[in-house]
Number of protein chains: 2
Amino acid sequence: MATPIIYGTEMSTYVRTARLAFEEKPAQYELVDVSVVRGEVKSPAHLARNPFGTVPTFEHDGFKFYETGAIIRYIDQVWPGTTLTPEDARDRARMNQIISIIDYYAYDAIIRRIVVHRLLPQLIGGADPAVIAAAIPRAKLCLAEFDRIKGGGKFLAGDQLSLADLYLAPVLFYLALTPEAPLLAEHARLAAWWEMMQQRSSYKKTQPRLS
Amino acid sequence: MATPIIYGTEMSTYVRTARLAFEEKPAQYELVDVSVVRGEVKSPAHLARNPFGTVPTFEHDGFKFYETGAIIRYIDQVWPGTTLTPEDARDRARMNQIISIIDYYAYDAIIRRIVVHRLLPQLIGGADPAVIAAAIPRAKLCLAEFDRIKGGGKFLAGDQLSLADLYLAPVLFYLALTPEAPLLAEHARLAAWWEMMQQRSSYKKTQPRLS
């Protein structure tokens, strides 16, 4: 098979999720940098890959598509190695539910409204404390739901690593760098999972350089 | 198996998507009405099912969860009958991509910003023509991408019906009732698919009563 290509920046949580899927298989891939900070996501070359101007986009053997939820499910189906989708229907529902909660609620509250305002205010012309304050209840609810859905399992969707773990860890990486980091400590099971995730070689290998 | 329960209103596109999955299997289910218009989605009883206050939520044999993307994948995995997930990896990627595009972009542009303002202004304290106008380019882009991703296949993700078809049809049902309906006609392949979908008995059986 041809080497698959992920287009995107290592800074993006969603790009990191796709990279984590390959690292956990494990399988080879190429990362082609498309910078958010330098506006390359809105360049004609990138809009041809994804007219919504987001990352990651993906290419494999001439097949091109975007949307992280589709990319990681494709990686899991096509590459041999570690299976990242639970066979058990309830665990699989937990995995898919966590992915949807991140796409629908948590990415917006935690990344767009807390992390970007705290760590990357230059991207949005300056931080707005009111935006951060308004996002905190929603961020807390997301974390509470992740903890509840996880329950007593070792990972977020049962006792095996799944795509849900790879979806959430890159988001918490950034939350942990903000003054809102203590929100995570309110949930013992989720906090223990998070400690464990940070020890994985896949996680260490994909850590963004913040410079 | 116990009869599964969908909590939600027949008016919701996401509730209809979950109902369509059962109708296409086919399999029995119960619909317990939780009204958006009467504010029941924010009642304590419903917030206990889903603290984000959205529909549908789902219950099966004591297992309760929410998020449509998770519910329909669970239905497809657990119930026998018609398979609604393509085996081919590229078709499956198309299906998952369309589901993500609807969750991330199309539901917001088409339902929240066009349909609600056009058809249900009482829900938001009155329609805002500027919101509708600003949403149209994004709605057009979504439709263009659905048409492109579909390509020459009979359905949105290949030649068999999939969860993607059940995700998009309820959204277009409402768009077709607005003055923006002609946007759909700009895409011949998508428009032909849409005509075909409206003939399915599952579609007719789940049509909301608009009164």
Within region A:52-65, can you find the residues that are surrounded by fewer than 24 Cβ atoms within 10 Å (Cβ to Cβ) and more than 7 Å from chain B (Cβ to nearest Cβ)?
A:53, A:54, A:59, A:60, A:61, A:62, A:64
Here is a list: B:130, B:109. Which entry is more than 8 Å from chain A (Cβ to nearest Cβ) and surrounded by fewer than 16 Cβ atoms within 10 Å (Cβ to Cβ)?
B:130
Among the residues of region A:197-207, write down those that are touching a residue at least 12 places away in the same chain (Cβ under 8 Å) and either in a helix (DSSP H, G or I) or surrounded by fewer than 12 Cβ atoms within 10 Å (Cβ to Cβ) (or both).
A:197, A:201, A:202, A:203, A:205
Does region A:26-42 contain any residue that is at the interface with chain B (Cβ under 9 Å from one of its Cβ atoms) and more than 22 Å from residue B:88 (Cβ to Cβ)?
no
Residue list for region B:153-174, restricted to those being charged (D, E, K, R) and surrounded by fewer than 21 Cβ atoms within 10 Å (Cβ to Cβ)
B:154, B:159
Which residues, taken from region B:11-31, are touching a strand residue (DSSP E or B) at 6+ places or on another chain (Cβ under 9 Å) and farther than 10 Å from residue B:55 by Cβ?
B:19, B:22, B:29, B:30, B:31
Sole residue being hydroxyl-bearing (Ser, Thr, Tyr), in contact (Cβ under 8 Å) with a residue 40 or more places away in the chain and under 24 Å from residue A:53 (Cα atoms), chosen from B:167, B:174
B:167
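Each row is one residue, and each column tells you yes or no for (1) modelled with pLDDT under 95; (2) among the aliphatic types (A, V, I, L, M); (3) on the phi < 0 side of the Ramachandran plot.
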residue: A:40; (1), (2), (3): no, no, yes
residue: A:50; (1), (2), (3): no, no, yes
residue: A:58; (1), (2), (3): no, no, yes
residue: A:66; (1), (2), (3): no, no, yes
residue: A:81; (1), (2), (3): no, no, no
residue: A:88; (1), (2), (3): no, no, yes
residue: A:97; (1), (2), (3): no, no, yes
residue: A:125; (1), (2), (3): yes, no, no
residue: A:137; (1), (2), (3): no, no, yes
Go through region B:8-51 and report how many residues are surrounded by fewer than 17 Cβ atoms within 10 Å (Cβ to Cβ) and more than 19 Å from residue B:115 (Cα to Cα).
12
Quick one: is residue B:101 facing chain A (nearest Cβ under 9 Å), out of contact with any Lys or Arg (no Cβ under 9 Å at 6 or more places or on another chain) and either closer than 19 Å to residue B:13 by Cβ or buried (at least 20 other Cβ atoms within 10 Å of the Cβ) (or both)?
yes
Can you tell me which residues in region B:53-92 are charged (D, E, K, R) and more than 17 Å from residue B:31 (Cα to Cα)?
B:73, B:76, B:87, B:88, B:90, B:91, B:92
Does region B:24-45 hold any residues that are touching a residue at least 40 places away in the same chain (Cβ under 8 Å) and touching a Leu at 6+ places or on another chain (Cβ under 9 Å), and which are they?
B:24, B:25, B:36, B:37
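Here's the yes/no breakdown for (1) farther than 25 Å from residue A:66 by Cβ; (2) out of contact with any Asp or Glu (no Cβ under 8 Å at 6 or more places or on another chain):
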{"position": "B:42", "(1), (2)": "yes, yes"}
{"position": "B:57", "(1), (2)": "yes, yes"}
{"position": "B:61", "(1), (2)": "yes, yes"}
{"position": "B:64", "(1), (2)": "yes, yes"}
{"position": "B:82", "(1), (2)": "yes, no"}
{"position": "B:85", "(1), (2)": "no, no"}
{"position": "B:91", "(1), (2)": "no, yes"}
{"position": "B:101", "(1), (2)": "no, no"}
Go through (1) buried (at least 20 other Cβ atoms within 10 Å of the Cβ); (2) more than 7 Å from chain B (Cβ to nearest Cβ); (3) of a type in the set (Gly, Ala, Ser) one by one and return the number of the condition residue A:81 breaks.
(1)
Please verify whether residue B:139 is more than 10 Å from every other protein chain (Cβ to nearest Cβ) and surrounded by 14 or more Cβ atoms within 10 Å (Cβ to Cβ), treating the condition exactly as stated.
yes
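The values are calculated or read from the model by the stated rules, or taken from the named source; none is laboratory data. Bear in mind that the values here come from a model prediction, so they are computed numbers and not experimental data. Glycine gets a Cβ as well: all are built from the backbone with ideal geometry, and neighbour counts include every protein chain shown.
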